[in-house]
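We did not get these values from a lab; they are worked out from the coordinates using the rules stated. These figures come from a predicted structure and were not determined experimentally.
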Amino acid sequence: MQLRLHVFLTALVSMLFVFVAPTPARADVVPVVGNGYTIWQRGEAAEFCLTAPAGGNGADVLASPHDYGCTLAWDTQWIFESYGTMAGYRTYRMKVRHTGRCLDVQDKAPGGGMRLQLWDCHSGTQQRFWLMNGLYAGTFYIVPAYGSRSPLTRCLGSDDNWVVRYDDCWDFVVPDQLWKMRPAA
């Protein structure tokens, strides 16, 4: 009896994942290449902005709280560069405006839980990201193309210290993986 229940629950969870899994970016989340955007999450009392407060190689990328919304400060503005396709989906390189450095997967690590950092822009795949539809209108996932076999594997989110990391995509379990964007200028 327990085995049947386990098999049923496993099948049910698998079916749920099929229905809520992210899909390729829609027109409302495709950035204009070369334009600056503020990328943010909505918390209970504040917006959490994708921020690069320090500018050197290896600097942490944070989801910093802002009580009055994300500012137009250059450390919260990201410029998208189209960077070809992987697995049939368009990829982007994300460059922070104030340093010109790129969002980068730390130590080229393909496993989940790794932090994101700034690094000099280069042609490596650890600086390529997919933008995938989120569960709610106007939301999207930022998915590292590096180390993922498909664009449904790992998503950017933030931990309790606001450090941006990537881990398994689960929008109904980890809502801090859902992002929004708006033009910075």
Assign one of three labels to segment 60-102, namely rounded, prolate or oblate, based on the Cα gyration tensor with a ≥ b ≥ c the square roots of its eigenvalues; rounded applies when a/c is under 1.5, prolate when it is not and a/b is larger than b/c, and oblate otherwise.
-> prolate
For Arg128, list long-range residues whose amide hydrogen, built 1.01 Å from N in the peptide plane, is under 5 Å from its own amide hydrogen.
-> Ala145, Tyr146
Using θ = phi - 60° and the Karplus form 6.51 cos²θ - 1.76 cosθ + 1.60, what ³J(HN,Hα) does each residue of segment 48-56 get, whole Hz, x for Gly and Pro?
-> 10, 9, 5, 10, 10, x, 9, x, x
Note, segment 118-123: 3J(HN,Hα) by Karplus (6.51, -1.76, 1.60, θ = phi - 60°), whole Hz, Gly/Pro = x, goes 8, 7, 3, 5, 8, 8
